[in-house]
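Student: This is the structure, below, for whatever I ask next.
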């Protein structure tokens, strides 16, 4: 029997990425959709070929549905903690979009609630499902790049002629509310860059120094640059922006004593880019073409389902989400104070 998913939110990301990914995974099915209006939920389910799925405008009612085994949360960030705790209490596994929560206490509450209930908690760091990142991680773990000294990641967008990003489309306005979003571009794309570097290195961030364009009148940053120091001494750089046009490429790169490995153009919501590896002993080029808009999300859904069925872990766990939140809060404090900040301090 397929794993029945409840999709919470009918916004762009569930519509374009996750619902198609659930349908593409042979062991999953859309069992329910939750939206602010039942008619909207019904239309979303029908659009994605799930005419048998239940449509809800009440989250609690959905949790009582025995056809639902896992809940995918794409709701506003500030709702994740309570919704996860409720789902865990109902015996439902949870795949939560990043950021998992706005405070470390809330992240820990989510992790504890799922652990105590014996359900899985995953976080939506889709880049972990990119085969290029997986290969880069393996190269680091195997020592093929030698002792890693520097790493970098960028996810930068913008439109010529604009000094600020355009307003969010209908249904995404909450991203402009500090109490609901928690931070700006860091929450949207920066956390993916940080997690990609953590994933590639297999090490934690120890210290952060950050600058952004937040002001007292506009507290949600649209542009951010960070320096990171990892356990073991490697130095990292993260650059992310919604108002910087003509950035050459969205990349992750790892530099070691034996050479370099990079996924060029691969930091995206579409599986694309090229893996380029140059070491003392080998050169490797792998192009991910044609681009696939849902492959990483299908991989994420499949890995989560297998964790439920086989007892393993999702691609990114609640602990991974907690670590990303630690770096985010350190970034906010560093940018505010102009000082380096120890992560988790």
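The values are calculated or read from the model by the stated rules, or taken from the named source; none is laboratory data. Source: prediction; values computed, not measured. Cβ coordinates were reconstructed from backbone atoms using ideal geometry, including for glycine residues, and neighbour counts include every protein chain displayed.
Student: Only one residue in 140, 191, 148, 185 is closer than 30 Å to residue 9 by Cβ, at pLDDT 95 or above and surrounded by 18 or more Cβ atoms within 10 Å (Cβ to Cβ). Which one?
Tutor: Result of the check over 140, 191, 148, 185: 191.
Student: In this structure, does residue 158 turn out to be within 29 Å of residue 14 (Cα to Cα), in the same structural domain as residue 338 (by TED's automatic domain parsing), crowded, with 18+ Cβ neighbours inside 10 Å and over 20 Å from the mean Cα position of the chain (by Cα)?
Tutor: yes
Student: Which of (1) in contact with a helix residue (DSSP H, G or I) (Cβ under 9 Å, 6 or more places away or on another chain); (2) in the same structural domain as residue 326 (by TED's automatic domain parsing) does residue 110 not meet, given it meets every other one?
Tutor: Failing condition for residue 110: (2).
Student: Moving to a separate point now. So, of the residues in segment 304-319 that are surrounded by fewer than 23 Cβ atoms within 10 Å (Cβ to Cβ) and in contact with a helix residue (DSSP H, G or I) (Cβ under 7 Å, 6 or more places away or on another chain), which turns out to be farthest from residue 228 (Cα to Cα)?
Tutor: Only one residue tops the list, namely 312.
Student: For residue 153, are the conditions met, namely being assigned to a helix (DSSP H, G or I) and under 30 Å from residue 280 (Cα atoms)?
Tutor: It is false that residue 153 is assigned to a helix (DSSP H, G or I) and under 30 Å from residue 280 (Cα atoms).
Student: Sticking with this structure for a sec: Can you find, within segment 237-267, the residue that is surrounded by the most Cβ atoms within 10 Å (Cβ to Cβ) among those that are free of Cβ contacts under 8 Å to residues at least 24 places away in the same chain and not in a strand (DSSP E or B)?
Tutor: Among those that are free of Cβ contacts under 8 Å to residues at least 24 places away in the same chain and not in a strand (DSSP E or B), it is 265.
Student: Next question. With the structure loaded, tell me whether residue 140 is in contact (Cβ under 8 Å) with a residue 24 or more places away in the chain and either more than 22 Å from the chain's Cα centre (by Cα) or farther than 16 Å from residue 198 by Cβ (or both) or whether it fails that test.
Tutor: No, not satisfied.
Student: Name the one entry in 229, 305 that is under 22 Å from the mean Cα position of the chain (by Cα), at pLDDT 95 or above and not assigned by TED's automatic domain parsing to the domain that holds residue 154.
Tutor: After applying the criteria, what remains is 305.
Student: Please state which of the following conditions residue 135 fails to meet, knowing it meets all the rest: (1) within 28 Å of residue 255 (Cβ to Cβ); (2) surrounded by fewer than 24 Cβ atoms within 10 Å (Cβ to Cβ); (3) touching a residue at least 24 places away in the same chain (Cβ under 8 Å); (4) under 17 Å from the mean Cα position of the chain (by Cα).
Tutor: Residue 135 satisfies every listed condition except (4).
Student: Another one. Give me the residue from segment 285-298 that is in contact (Cβ under 8 Å) with a residue 60 or more places away in the chain and touching a strand residue (DSSP E or B) at 6+ places or on another chain (Cβ under 6 Å) and, out of that set, surrounded by the most Cβ atoms within 10 Å (Cβ to Cβ).
Tutor: 296
Student: Anything in segment 107-122 that is surrounded by 22 or more Cβ atoms within 10 Å (Cβ to Cβ) and part of a helix (DSSP H, G or I)? List them, or say none.
Tutor: 107, 110, 114
Student: Might you check whether a residue that is assigned to a loop (DSSP other than H, G, I, E, B) and on the phi > 0 side of the Ramachandran plot occurs anywhere in segment 65-72?
Tutor: Looking for residues that are assigned to a loop (DSSP other than H, G, I, E, B) and on the phi > 0 side of the Ramachandran plot, one finds none in segment 65-72, hence no.
Student: For segment 163-186, name all the residues that are assigned to a helix (DSSP H, G or I), within 11 Å of residue 221 (Cβ to Cβ) and out of contact with any helix residue (DSSP H, G or I) (no Cβ under 6 Å at 6 or more places or on another chain).
Tutor: 178, 185
Student: Here's another thing I want to ask about it. Among 55, 74, which is the only one that is within 25 Å of residue 186 (Cα to Cα), surrounded by fewer than 24 Cβ atoms within 10 Å (Cβ to Cβ) and touching a strand residue (DSSP E or B) at 6+ places or on another chain (Cβ under 9 Å)?
Tutor: One residue alone meets the criteria, 74.
Student: A further question follows. Kindly evaluate residue 290 against the criterion of being touching a helix residue (DSSP H, G or I) at 6+ places or on another chain (Cβ under 9 Å), at pLDDT 95 or above and part of a loop (DSSP other than H, G, I, E, B).
Tutor: no
Student: Could you list, in sequence order, the residues of segment 307-338 that are touching a residue at least 24 places away in the same chain (Cβ under 8 Å) and either farther than 20 Å from residue 187 by Cβ or assigned to a loop (DSSP other than H, G, I, E, B) (or both)?
Tutor: Correct list: 307, 308, 309, 313, 314, 315, 316.
Student: If only one of 277, 301 is in a helix (DSSP H, G or I) and either surrounded by fewer than 14 Cβ atoms within 10 Å (Cβ to Cβ) or in contact with a strand residue (DSSP E or B) (Cβ under 8 Å, 6 or more places away or on another chain) (or both), which one is it?
Tutor: The match here is 301.
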